[in-house]
1. Quickly run through the stretch 140-194 and pick out the residues that are of a type in the set (A, V, I, L, M), closer than 23 Å to Glu104 by Cβ and either open to solvent by 30 Å² or more (accessible area, probe 1.4 Å) or part of a helix (DSSP H, G or I) (or both).
2. Six or more apart or on different chains, Cβ under 7 Å: which pairs go from a residue in the stretch 98-119 that's in contact (Cβ under 8 Å) with a residue 40 or more places away in the chain to one that's surrounded by fewer than 21 Cβ atoms within 10 Å (Cβ to Cβ) and acidic (Asp, Glu)? Could you list them?
3. Can you go through Arg132, Arg81, Arg124 and tell me which one is within 27 Å of Gly184 (Cα to Cα), open to solvent by 30 Å² or more (accessible area, probe 1.4 Å) and in contact with a Ser or Thr (Cβ under 9 Å, 6 or more places away or on another chain)?
4. If the Cβ limit is 6 Å and pairs must be 6+ apart or interchain, which residue in the stretch 22-38 that is over 14 Å from Thr9 (Cβ atoms) and β-branched (Val, Ile, Thr) pairs with which residue that is at pLDDT 95 or above and not in a strand (DSSP E or B)?
5. If I ask for residues that are assigned to a loop (DSSP other than H, G, I, E, B) and within 20 Å of Asn87 (Cβ to Cβ), which ones from the stretch 242-264 would you list?
6. Residues in the stretch 48-64 that are open to solvent by 30 Å² or more (accessible area, probe 1.4 Å) and of a type in the set (S, T, N, Q): how many?
7. Quickly run through the stretch 224-241 and pick out the residues that are outside any loop (DSSP other than H, G, I, E, B), exposed (fewer than 15 other Cβ atoms within 10 Å of the Cβ) and of a type in the set (Gly, Ala, Ser).
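The values are calculated or read from the model by the stated rules, or taken from the named source; none is laboratory data. Since we're looking at a predicted model, the values are computed, not measured. Backbone-built Cβ (ideal geometry, glycine too); neighbour counts: all protein chains shown. Surface accessibility is based on the protein's heavy atoms, side chains included, excluding ligands, DNA and RNA. Shrake-Rupley method; radii C 1.70, N 1.55, O 1.52, S 1.80 Å.
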Amino acid sequence: MTGRTVLVTGGTGGIGKATATGLAVLGARVAITGRDRRRAEAAADEIRTASGVQVDVFVADLSSQIEVRRLAAAVLAKLPRIDVLVNNVGGYWDTRHVTADGLELTFALNHLAPFLLTQLLLDRLDESAPARVVTVSSSAQATGHIDFGDLQGERSYSGAVAYSQSKLANLLFSYELARRVPSGQITANALHPGVVSTSFGAEDPSGVQRMVVPFLRPFMRSPAKGAMTSIHLASAPGLSRVTGGFFTNGRPGRSSVRSYDEGAAARLWGISEGLVAG
């Protein structure tokens, strides 16, 4: 990865930091995003110590579209090339929260943020081609359903339902991006990282999560193991022209039947464009 630049969203902890560290160790110039500057700078110092390469820090709350746009502008000003964009940031909330844009938080952060950021950085990725867009989904996509009549969970909200919908949306976005970008210029692939021991969902956990996770934690993957598929998709030479795929444990697989619905993907893309317009 020497000579290549990688941007990892949500790179201050967990899978994101492990992904950034792994790619930096391979020689990439790494940039990470985080909401808190102190935490982001501390993560960058750890990555520099582990790899000895340049690490750039960008601070932004990606649930806010103004901040996504500000982040994109800062990235474009600082990074002359972007070889890989890893859309890693995401979250789970058991109760319904609304963002500054008036959108349901899970949908806004997990889907609209990577959708908008990728659009804003697409020209730089194209200029850096061959380039890659790697999007972290989840096995929760298998139970996901895009409720076009209630995307924001206004009529009925469940944290688990909102999360699985957003992870299915990640796949619909990734597959549709693969169909839309120039063949051979930019690849778009998605992945399931496995069940990883992180602070995921800790801000607003469900009752079941509070009870079950402490018992399961010893059996969960470490962040380093959870990051392996992201690192593989970002760096493996043999994947330079592989696009529109879904990977688990570093290997290609099949996602849910609903994730391959091209009509739903195009419809979600159009709605997403409307929600981020402005």
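1. Listed by number, the residues that qualify are Ala140, Ala142, Ala160, Val161, Ala162, Leu168, Ala169, Leu171, Leu172, Leu177.
2. Ala108/Asp101
3. Only one candidate passes the filter, namely Arg81.
4. Short answer, once both residue conditions are applied: Val25/Ser51.
5. Let us first name the residues in the stretch 242-264 that are assigned to a loop (DSSP other than H, G, I, E, B), namely 242-244, 249-250, 254-256, 261.
If the condition is that a residue be assigned to a loop (DSSP other than H, G, I, E, B) and within 20 Å of Asn87 (Cβ to Cβ), then Val242, Thr243, Gly244, Asn249, Gly250, Ser255, Ser256 are the ones that fit.
6. Residues that pass the stated criteria total 3.
7. Gly238, the sole residue that qualifies.
Quick grid of which residues meet (1) out of contact with any strand residue (DSSP E or B) (no Cβ under 6 Å at 6 or more places or on another chain); (2) among the β-branched types (Val, Ile, Thr); (3) part of a helix (DSSP H, G or I); (4) buried (at least 21 other Cβ atoms within 10 Å of the Cβ):
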| site | (1), (2), (3), (4) |
| --- | --- |
| Met1 | yes, no, no, no |
| Val6 | no, yes, no, yes |
| Gly11 | no, no, no, yes |
| Gly22 | yes, no, yes, yes |
| Glu46 | yes, no, yes, no |
